[in-house]
1. Gain in length, E109 to V72, computed as 0.36 nm per residue apart minus the alpha-carbon separation, to one decimal in nm?
2. So what's the gap between the Cα centers of the range 77-140 and the range 20-73, to the nearest angstrom?
3. Just check the range 1-117 against the gyration tensor rule for me: Cα atoms, a ≥ b ≥ c as the square roots of the eigenvalues, rounded for a/c under 1.5, and otherwise prolate or oblate depending on whether a/b exceeds b/c.
4. In the range 1-102, which GluC sites (Glu not before Pro) fall in coil by DSSP and have 16 or fewer other Cβ atoms within 10 Å?
5. Between E92 and H34, what is 0.36 nm times their sequence separation minus the Cα-Cα distance? Round to one decimal in nm.
6. Grab the beta carbon distance between E41 and R118, set R0 = 35 Å, and tell me the FRET efficiency rounded to 0.05.
7. In debye, nearest 20: dipole of the range 2-131 around its Cα centre with unit charges on the Cβ of K, R (+) and D, E (-)?
8. Given the rule -39500 (n - 2.57) for each run of at least 4 DSSP H residues, summed and divided by the residues of the chain, what is its mean residue ellipticity at 222 nm, to the nearest 500 deg cm²/dmol?
Amino acid sequence: MEALRARMPANQFILLMRAFNAWLTGGGGMMRLHLESDEQELFTPEVQAEMLTLMGLVGALAPGHEDRAEHVVVDLGDGEHVKGARSLVPREVAEDPERLAEMRRRLDEEERHRREQRVSDSLEVDAIARASGMRPEGEA
């Protein structure tokens, strides 16, 4: 952590630590960050890579998962719905373009499904509002 603090701008290091703490206290796993516009500018691909590295190091502390400390950050690229995806993977996966493409395809499909679900949920909330005699959000 001290090496990160020494080489990162203070505002990026603080954001990284806040995001990492949120991930830790949330139990690990996948997370979705909601960042203000100034924070989005600070959360560069380099900061994201450091976040993934920290996540891998914590994962390596779990018995039987010591090899996670050797995982590498890969850029999965852009899909139709997911842009700039990165992941922490074993070196052999990082060196296999087909496996990386499959990871990107899966992430893209999950995001497509989430977007469709949000639209469906929004339509359902609007229908409930109308049935209750209320105007849905955005209608005058």
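1. 11.0 nm is the gain from fully extending E109 to V72.
2. The distance from the Cα centre of the range 77-140 to that of the range 20-73 comes to 20 Å.
3. In terms of gyration-tensor shape, oblate.
4. Listed in order of number, the matching sites are E36, E80, E95.
5. Additional length available on full extension: 17.7 nm.
6. The formula returns an efficiency of 0.90 here.
7. On the way: 17 positive and 26 negative charges, 61 e Å.
I would put it at about 300 debye.
8. It comes out at -19000 deg cm²/dmol, rounded to the nearest 500.
Bear in mind that the values in this text are calculations on the coordinates, not laboratory data. Please read all numbers here as calculations on a predicted model, not as lab measurements. Glycine gets a Cβ as well: all are built from the backbone with ideal geometry, and neighbour counts include every protein chain shown.
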